[in-house]
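*Asks:* I have a structure I would like to understand better, so I am pasting it below and will then ask my questions one at a time.
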Amino acid sequence: MSDTAIRPLVAGNWKMNGTTAALREPRLLGAMLKGVKLKCDVLVCPPATIIRRAKAVMKGGKIKVGGQDCHAAASGAHTGDISAEMLKDAGAAMVIVGHSERRTNHKETDAEVAAKAKAAHRAGLVAIICIGETLEERKGGKTLDVLTSQLKGSIPEGANSGNTVIAYEPVWAIGTGLTASTAEVAEAHTHIRKEIGKIMGAEGAKTRILYGGSVKPSNAAELMGAANVNGALVGGASLKAADFIGIIKTYM
């Protein structure tokens, strides 16, 4: 594994999937991990409606629970939104901000992502800040420039290795079945490591950088072995315990 001094994180993003019945999967996952000495942290981010129940299901286990998004404000007239403080109260330890689906479908800007990350820090949550280029940007040779711009605009003041995780998810590889090559992942992550060092100083060298984009049991070991990769942000493969543990096994 790369960066062995940094404890990896394998995070599952359920997106808009899962009701109470789906909690049998993290319960099963917890049973599979019982007695296993993990070399990584494990996080499940279910819909906000079942965070509290997910926390109860996994109480005392090795799996942390997180949110998928939060509002920048602590409270107010924001119908349908959820604050970082509410997520914390429900039992969340982390929250994903700036996922490409939010950036694309909800037109979220880097400034809005930074505000959400700052809100996460305010509430005592770890912010998982997502960045990534589109296929058009990659074909145009703009990948590294895009990543630099997103990092500069999305990381708030006060970010450190304890309260912030960076997740690189090339937009063209999310839910498409396409996966970046190991060389492409290593290039992007090495660039991210350099850039967050400029932004966060010495903390940048200790900050976890996750890879996401059609990660599955069959390619996890290869991807997680790339330079400056400290874990994975997993989508569809995190919905089933058998698939998710196949990725977690990379660190067992």
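*Asks:* Given axes a ≥ b ≥ c from the Cα gyration tensor, I'd like to know whether the range 163-252 is rounded (a/c under 1.5), prolate (a/b larger than b/c) or oblate.
*Replies:* It is prolate, given that a/c is not under 1.5 and a/b is the larger ratio.
*Asks:* What percent of all Cα-Cα pairs in the range 36-125 falls in each 10 Å bin, counting up from 0?
*Replies:* 18, 46, 28, 7, 0
*Asks:* Counting only complete DSSP H runs, which helices of the chain cover 18 Å or more along their long axis at the Cα atoms and score a mean Kyte-Doolittle of -0.5 or above?
*Replies:* Helices meeting the criterion: 110-123, 182-200.
*Asks:* If packing is taken as the mean number of other Cβ atoms within 10 Å per residue, what is the order of 170-177, 227-234, 18-25, highest first?
*Replies:* Ranked by mean Cβ neighbours within 10 Å, highest first: 227-234, 170-177, 18-25.
*Asks:* Something else: Take 79, 207, 148 and order them by how many other Cβ atoms sit within 10 Å, fewest up front.
*Replies:* 79, 148, 207
*Asks:* Next question, about the same structure. How large is the Kirkwood hydrodynamic radius of the chain, counting all unique pairs of alpha carbons, in Å?
*Replies:* One decimal place: 17.9 Å for the Kirkwood radius.
*Asks:* Counting only residues 5 or more places away or on other chains, whose amide H sits under 5 Å from the amide H of residue 41 once H atoms are built in the peptide plane?
*Replies:* Residues meeting the criterion, in which the H sits 1.01 Å from N, are 9, 10.
Throughout, read-outs are computed from the coordinates displayed, never taken from laboratory work. The structure displayed is predicted, hence computed values, not measured ones. Note that we place each Cβ from the backbone using ideal geometry, even for glycine, and neighbour counts take in every protein chain shown.
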